[in-house]
1. Any residue at all in segment 55-78 that is touching a residue at least 60 places away in the same chain (Cβ under 8 Å), closer than 22 Å to LEU36 by Cβ and assigned by TED's automatic domain parsing to the domain that holds ALA29?
2. Out of segment 98-134, which residues are among the small types (Gly, Ala, Ser) and surrounded by 11 or more Cβ atoms within 10 Å (Cβ to Cβ)?
3. Would you say ASN31 is within 26 Å of VAL108 (Cβ to Cβ) and in a loop (DSSP other than H, G, I, E, B)?
4. What are the residues in segment 88-120 that are over 28 Å from CYS144 (Cα atoms) and either in contact with a strand residue (DSSP E or B) (Cβ under 9 Å, 6 or more places away or on another chain) or not assigned by TED's automatic domain parsing to the domain that holds ILE71 (or both), if any?
5. Residue check, LEU141 against (1) surrounded by 18 or more Cβ atoms within 10 Å (Cβ to Cβ); (2) hydrophobic (A, V, I, L, M, F, W, C); (3) assigned by TED's automatic domain parsing to the domain that holds VAL69, all met but one. Which one?
6. Scan segment 134-143 residue by residue and report those that are of a type in the set (A, V, I, L, M, F, W, C) and over 12 Å from ALA112 (Cα atoms).
7. Residues of segment 132-147 being assigned to a strand (DSSP E or B) and either in contact (Cβ under 8 Å) with a residue 60 or more places away in the chain or not hydroxyl-bearing (Ser, Thr, Tyr) (or both), which ones?
8. Do you know which residues across segment 79-111 are part of a loop (DSSP other than H, G, I, E, B), charged (D, E, K, R) and closer than 25 Å to LEU12 by Cα?
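The values are calculated or read from the model by the stated rules, or taken from the named source; none is laboratory data. Fair warning: this is a prediction, and the values are worked out from it, not measured in the lab. Because the Cβ atoms are built from the backbone with ideal geometry, glycine has one as well, and the counts that use them run over all protein chains shown.
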Amino acid sequence: MQDGGPIKEVRLTPIRNGTVIDHIACGHALNVLKILNVSEYNIYSSISVGMHVSSNALGWKDIVKIEDVEIDSKTAEKIALVAPDATISIVRDFHVSEKYKVTLGERVIGLARCGNPNCISNKGEPIQSEFKVLSKYPVQLRCCYCDRVLENISNNLL
């Protein structure tokens, strides 16, 4: 604050076309960027990340805006694993054309790998990994093949 003047609120710049992922649990924006496979080598559009942003609903939240990218349903399912309260807004010509809340079903199939190296799902068998959702807050998954509870979900996403 300078000279006793008011503090200006900083807001993220609107995007023309792309995706806004809002209501991410505080501290998980970087996990969302990992799911989106964002790196300096593969993104040529504007990306805005707000971390620890004040929210009436959550108290604090993170938000990610990525221009010229519309995420698919499989990516939204992965985001639900690290941010179960997230909302996805598809923006076209500066207007929200679609908006939905991510959902986490009772089972997660083919989105993460089991942390057990001896699990049959990690042995090259023609099966997809499958987990039962034990809890949505916080997200806890149990492997349907070996019964191991998955630790550190974001590091085991496929």
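1. Within segment 55-78, the subset touching a residue at least 60 places away in the same chain (Cβ under 8 Å) is 78.
From the residues that got through so far, the ones that are closer than 22 Å to LEU36 by Cβ too are 78.
Keeping just the survivors that are assigned by TED's automatic domain parsing to the domain that holds ALA29 gives 78.
Yes.
2. Step one: of segment 98-134, the residues among the small types (Gly, Ala, Ser) are 105, 110, 112, 115, 121, 124, 129.
Correct list: GLY110, ALA112, GLY115, SER121, SER129.
3. Numbers: within 26 Å of VAL108 (Cβ to Cβ): yes; in a loop (DSSP other than H, G, I, E, B): no.
When the stated conditions are applied, ASN31 does not pass them.
4. So the first thing to find is which residues in segment 88-120 are over 28 Å from CYS144 (Cα atoms), and the list is 88-100.
ILE88, SER89, ILE90, VAL91, ARG92, VAL96, SER97, GLU98, LYS99, TYR100, listed by residue number.
5. All conditions pass for LEU141, except number (3).
6. Of all residues in segment 134-143, those of a type in the set (A, V, I, L, M, F, W, C) come to 134, 139, 141, 143.
Within segment 134-143, LEU134, VAL139 meet the criteria.
7. Taking segment 132-147 as the starting set, the residues that turn out to be assigned to a strand (DSSP E or B) are 132-136, 139-143.
Scanning segment 132-147 gives LYS132, VAL133, LEU134, LYS136, VAL139, GLN140, LEU141, ARG142, CYS143.
8. Taking segment 79-111 as the starting set, the residues that turn out to be part of a loop (DSSP other than H, G, I, E, B) are 83-86, 93-94, 102-106, 110-111.
After this cut, where a residue has to be charged (D, E, K, R) as well, the list is 85, 93, 106.
If the condition is that a residue be part of a loop (DSSP other than H, G, I, E, B), charged (D, E, K, R) and closer than 25 Å to LEU12 by Cα, then ASP85, ASP93 are the ones that fit.
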